[in-house]
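K.L.:
Before anything else, here's the structure in question.
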Amino acid sequence: MLFLVGRGRDDAGRWRLWAALGAVAGLLAGAFACVHVVSASEVGVPVTFGRIGTPMVSGIHFKSPFTDVTSFSTRPVDLDLIDKDVVEVRSSQGGVLYADVTIKWAVVPAKAVELYRLAGSEEAVEGRLVLPDSREIIRDVFAKHTSEEGYASAREQISSEIADRVKERLAPRGIDVTSVNLRNVKPSEKLQEQIDKKIQQEQATERATEAARTAKAEAERKRIEAEGIARANKIIEASLSDRVLYNQCIEAYKEAAKANPVYAVPCGTDSNGTPVIVDGRKK
């Protein structure tokens, strides 16, 4: 158009120059419109007049100027369900828990077309597929376990079950889930109060059981001790004959005579035969 307009003018040469420059710019713009570069960490999905073509791997590709290319990153992405995005779940007992979960996922390049049909863009993959499916699975898994299992005893089992189900759900859609990390599980305030109350009751029961066990053991010890004393008394009673008592009396008399002058009546088994020890230093 610049060439045609400038033909009848005096400065036609200048118009021809601008016309040539415009033609060159148009050719360059057309050439660039036919070239698309896919980076090393992306996969492109070409769409021409609503028709989806073959995914473009990394490199330079030639396309129609009327073809739009939607790129998807193939780098691993961390979906952090923490803080305001924490997942509120309920146990099989109805207790409310808050689960912090991190899901690492990536786009499978060979299934980029399926992802484009399901989500339409890279940003929508996480918002429409990974996030809602993961939340649903996390809630379903926790609902099969008790509150105590959820925040304490079965956390590893729950984490493993969530990972298996998320991978199984998202793999056919072109999303590779590499890991699921159940970082923390926190009971709600109401549930925490119930847990504390239960712990206090269990501790009181343990103390009462221990006290009863101690009292029973002490009673048993005293019973055994009494039985032993009774048996010993019976043995002593059976062995204390008159001759034994008489001999013990003589031995006691001998020991007393070593230290003090004594006077004694003859030893015997009755009160008249009891020895009398007299300290010679006293009158």
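K.L.:
Would you point out which residue out of 188, 179 is modelled with pLDDT of 90 or more, among the small types (Gly, Ala, Ser) and surrounded by 10 or more Cβ atoms within 10 Å (Cβ to Cβ)?
P.N.:
Going through 188, 179 in turn, the sole match is 179.
K.L.:
Still on this structure: Any idea which residue in the range 132-148 is farthest from residue 80 (Cα to Cα), counting only those that are part of a helix (DSSP H, G or I) and among the polar types (S, T, N, Q)?
P.N.:
Out of the qualifying residues, it is 147.
K.L.:
Now for a different question. Pick out the one residue from 89, 113 that is in contact (Cβ under 8 Å) with a residue 40 or more places away in the chain, assigned by TED's automatic domain parsing to the domain that holds residue 181 and assigned to a helix (DSSP H, G or I).
P.N.:
113
K.L.:
Looking only at residues in the range 144-165 that are surrounded by 14 or more Cβ atoms within 10 Å (Cβ to Cβ) and closer than 11 Å to residue 90 by Cα, which one is modelled with the highest pLDDT?
P.N.:
145
K.L.:
Here are 158, 162, 138, 103: which of them is closer than 18 Å to residue 76 by Cα and either outside the structural domain of residue 56 (by TED's automatic domain parsing) or polar (S, T, N, Q) (or both)?
P.N.:
Every option except 103 fails the conditions.
K.L.:
Within the range 25-46, is even one residue modelled with pLDDT of 85 or more, under 30 Å from residue 189 (Cα atoms), surrounded by 12 or more Cβ atoms within 10 Å (Cβ to Cβ) and in contact with a Lys or Arg (Cβ under 7 Å, 6 or more places away or on another chain)?
P.N.:
So far as the range 25-46 goes, no, none of its residues is modelled with pLDDT of 85 or more, under 30 Å from residue 189 (Cα atoms), surrounded by 12 or more Cβ atoms within 10 Å (Cβ to Cβ) and in contact with a Lys or Arg (Cβ under 7 Å, 6 or more places away or on another chain).
K.L.:
Examine the range 58-66 for a residue that is closer than 30 Å to residue 152 by Cα and either charged (D, E, K, R) or not in a helix (DSSP H, G or I) (or both), and state whether such a residue exists.
P.N.:
no
K.L.:
Checking residue 196 against (1) within 19 Å of residue 86 (Cα to Cα); (2) of a type outside the set (S, T, N, Q); (3) modelled with pLDDT under 90, only one condition comes out false. Which one?
P.N.:
(1)
K.L.:
To continue, here is another question. Of all the residues that make up the range 149-185, how many are within 27 Å of residue 117 (Cα to Cα), assigned to a helix (DSSP H, G or I) and among the charged types (D, E, K, R)?
P.N.:
Of the residues in that region, 6 qualify.
K.L.:
How about the range 76-103: which of its residues are basic (Lys, Arg) and surrounded by 15 or more Cβ atoms within 10 Å (Cβ to Cβ)?
P.N.:
Within the range 76-103, just 90 meets the criteria.
The values are calculated or read from the model by the stated rules, or taken from the named source; none is laboratory data. Since this is a predicted model, take the numbers as computed values, not measurements. Reconstructed Cβ throughout: ideal geometry from the backbone, glycine too, with neighbour counts over all protein chains shown.
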